[in-house]
Amino acid sequence: MDQPSPSLPGDDRPSTGSRELWGTRWGFVLAAVGSAVGLGNMWRFSYIAAEGGGAAFLMVYIVMVALIGIPLMLCELAVGRNTHLSPIGALRRLGGRGWVPLGFLFVAAGFLILSYYSVIAGWTFRYALEGIVFGFPSDPGAHFEGLASGGTAIGFHLVFMVLTIGIVMVGIQKGIERAALILMPTLFLIVLGLAIWAMTLEGAAEGYAFYLRPDVGELMNPTVIRQAAAQAFFSLSLGMGAMLTYASYLSRDTDLNEEAVTISFADFMVAFVAGMVVFPVIFALGLQDAVSESTVGALFISLPGAFQEMGGVGRFVGILFFVALAVGAITSALSLLEVVTSSIIDEFGFLRRNAAVAMGVLIALFGLLSAVSLDVLGLVDQVAGDLFLVLGALGLSIFVGWFMKVNPATELARGARPGLVRVIPAVLFLVRFVLPPVIAVVLLFSIRDAWDAFGAFFAGG
Ligand code: PHE
């Protein structure tokens, strides 16, 4: 617990016992943005947006992020920073034993999401490497089928897990923070550069129009609304304790409110700009039909096909695109493994190195199931990446709004700028009265869709 800090002159960070802290403010922000920005921004977002009514979806999504996502992120940040503990311990400290299962749900979600996330990340590594060595394939559909599951998929999945474990093992400042400080600016530059290049393509206007065409009819579609909410949680890494865990390494003087807005804004911008790359490229080559065929179709079939047809420039751009995806994937994977690792450290007193390796290996082994079957991958995504996050988000909003032993407003006000202190009551109102009912409705639809997915899975396999 907090002891007087053995501080150096000018170091006003309060002590958090032996817990490591982020080295710099930007270190934390970029690590959190790194967690948020990932495959979700490029793989899931553009697909769901195009399917869910273009600009109409964007509007629903922005409202979800502002009214649900940011308040929920503030809940996670407040709980993490207040306790300086990973999710299970934090919920036990602030809520008592009854809330421990919610912490376990978070850890389970982190475990399961990383298990298939790593398989998809492996594909991006494979494409980046392939682009560099051989160029992109001329029959992208068959090509993808060949590499999505089985031997190659397993190989790249394992490589990705080894890298993730290697960084998490090293610790917060030297591992996760350093990786984020190098990788995130690189990713921003690549995505921005690609968007500028995409503006020059011939199909750009049609691509934007397809992406942003407002289909207001979709606003009434409960599936679209559920998907917008679930996508907001997934993309902002909420509902499973990733932000909570990262905030547990924060000192007391950071303005959580400001950070939550920065992180959410950055995450949205990357997703939005990534769409400004994906659609012009697809339309430049008239590949739009392939987009709606599957979630993976746009990214791993249409795009490589388009890059191939564009010749030398396409190859160069394609390599950059898949490198950016791989970078986004790894910084997100770090946070997924960190939730599990830090829980094992806090709960069982493991050394970081041992915890990261032991859990990473278990996750990698479980991920083999997703690496051999796309059906399993889809099912685990539906259950953990959608249902668990919604359930976790519901639990957390009820906990922070109604049951937590410390007043969340006090924690949010600590270190906050005066202007932002004034919005805290509004945030708390949302957390108490708006989040639980809205997320509960979303949960009902998520349960229904997960149920259907199970049915389809067992009927099909
Ligand atoms: N936010 C990440 C993405 O968009 C995925 C993720 C979910 C990471 C939950 C951590 C926790 O790809």
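The values are calculated or read from the model by the stated rules, or taken from the named source; none is laboratory data. Since the structure is predicted, the reported quantities are computational estimates derived from the model, not experimental observations. Neighbour counts are summed over all protein chains in view; Cβ atoms, including those assigned to glycine, are modelled from backbone coordinates with ideal geometry. Heads up: the accessible areas ignore ligands, DNA and RNA and are worked out on the full protein's heavy atoms, side chains in. Shrake-Rupley method; radii C 1.70, N 1.55, O 1.52, S 1.80 Å.
Put simply, when 392-399, 307-314 are sorted by average Cβ atoms within 10 angstrom per residue, most first, you get 392-399, 307-314.
Mean sequence separation of contacting Cα pairs (under 8 Å, at least six apart), scaled by the length of the chain, corresponds to a relative contact order of 33 percent. Relative to the longest principal Cα axis of the chain, at what angle does helix 55-64 sit, 0 to 90 degrees, rounded to 10? The helix 55-64 is inclined about 10 degrees to the chain.
Placing pseudo-labels 7 Å out from each Cα toward the beta carbon at Phe104 and Met59 gives an inter-label distance of 4.4 nm.
For the stretch 28-43, the residues whose backbone nitrogen is under 14 Å from a point 7 Å from the Cα of Met269, taken along Cα to Cβ, are 30, 33-34, 37. In degrees, nearest 10, range 0 to 90: what is the angle between the Cα axis of helix 352-372 and the longest Cα principal axis of the chain? Roughly 30 degrees, rounded to the nearest 10. Put a plus charge on the Cβ of each Lys and Arg, a minus charge on the Cβ of each Asp and Glu, and nothing anywhere else: the dipole of the chain about its Cα centre is then about 1380 debye.
From its DSSP helices (H runs of at least four residues, each -39,500 (n - 2.57)), the chain gives a residue-normalised ellipticity at 222 nm of -22500 deg cm²/dmol. Between rounded, prolate and oblate, where does the stretch 18-460 land on the alpha carbon gyration tensor, with a ≥ b ≥ c its root eigenvalues, rounded for a/c under 1.5, else prolate if a/b exceeds b/c? Prolate, since a/c reaches 1.5 and a/b exceeds b/c.
When the Cα positions of Leu299, Leu391, Ser343 are compared along the charge dipole of the chain, Ser343 comes out farthest toward the positive end, with charges on each C-beta of Lys, Arg, Asp and Glu.
Of the residues Phe457, Gly312, Pro137, the one whose Cα sits farthest towards the positive end of the charge dipole of the stretch 18-460 is Phe457 (charges of +1 on Lys and Arg Cβ, -1 on Asp and Glu Cβ, taken about the Cα centre).
Tell me, what HN-Hα J-couplings in whole Hz come from the Karplus equation 6.51 cos²θ - 1.76 cosθ + 1.60 at θ = phi - 60° for each residue of the stretch 434-444, using x for Gly and Pro? Each residue of the stretch 434-444 in turn: 9, 4, x, x, 5, 5, 4, 5, 4, 4, 4 Hz.
Classify the stretch 114-212 from the C-alpha gyration tensor, please: rounded if a/c falls under 1.5, else prolate or oblate depending on whether a/b exceeds b/c. In terms of gyration-tensor shape, oblate. Distance between the pseudo-spin-label points of Ile132 and Phe348 (7 Å out from Cα toward the beta carbon): 3.6 nm. For the stretch 81-121, rounded, prolate or oblate, judged on the Cα gyration tensor with a ≥ b ≥ c (square roots of eigenvalues), a/c < 1.5 rounded, else prolate if a/b > b/c? Here the stretch 81-121 falls in the oblate category.
Taking 0.36 nm per residue of separation and subtracting the Cα-Cα distance, full extension of the segment from Val406 to Trp26 would add 134.1 nm. Whole-Hz Karplus values for the stretch 421-429 come out as 4, 5, 8, 4, x, 5, 4, 5, 4 Hz, taken residue by residue from phi with 6.51 cos²θ - 1.76 cosθ + 1.60 and θ = phi - 60°; glycine and proline positions read x. Shown for the stretch 18-460: the carbon plus sulfur share of the solvent-accessible area, taken with all protein chains present and a 1.4 angstrom probe, equals 70%. In the chain, a dipole from Cβ-located charges (positive for Lys and Arg, negative for Asp and Glu) runs towards its positive end, and of Ile172, Ala413, Phe111 it is Ala413 whose Cα lies farthest in that direction.
Using the average count of surrounding beta-carbon atoms within 10 Å as a protection proxy, the listed peptides 210-221, 30-41 rank, highest first, as 30-41, 210-221. Karplus-based coupling profile of the stretch 378-387, in residue order and whole Hz: x, 5, 5, 4, 5, 6, 8, x, 10, 4, with θ = phi - 60° in 6.51 cos²θ - 1.76 cosθ + 1.60 and x standing for Gly or Pro.
Measuring between their Cα centroids, the stretch 132-164 and the stretch 381-460 lie 35 Å from each other. Taking all protein chains together and rolling a 1.4 Å probe, Thr124 ends up with roughly 0 Å² accessible.
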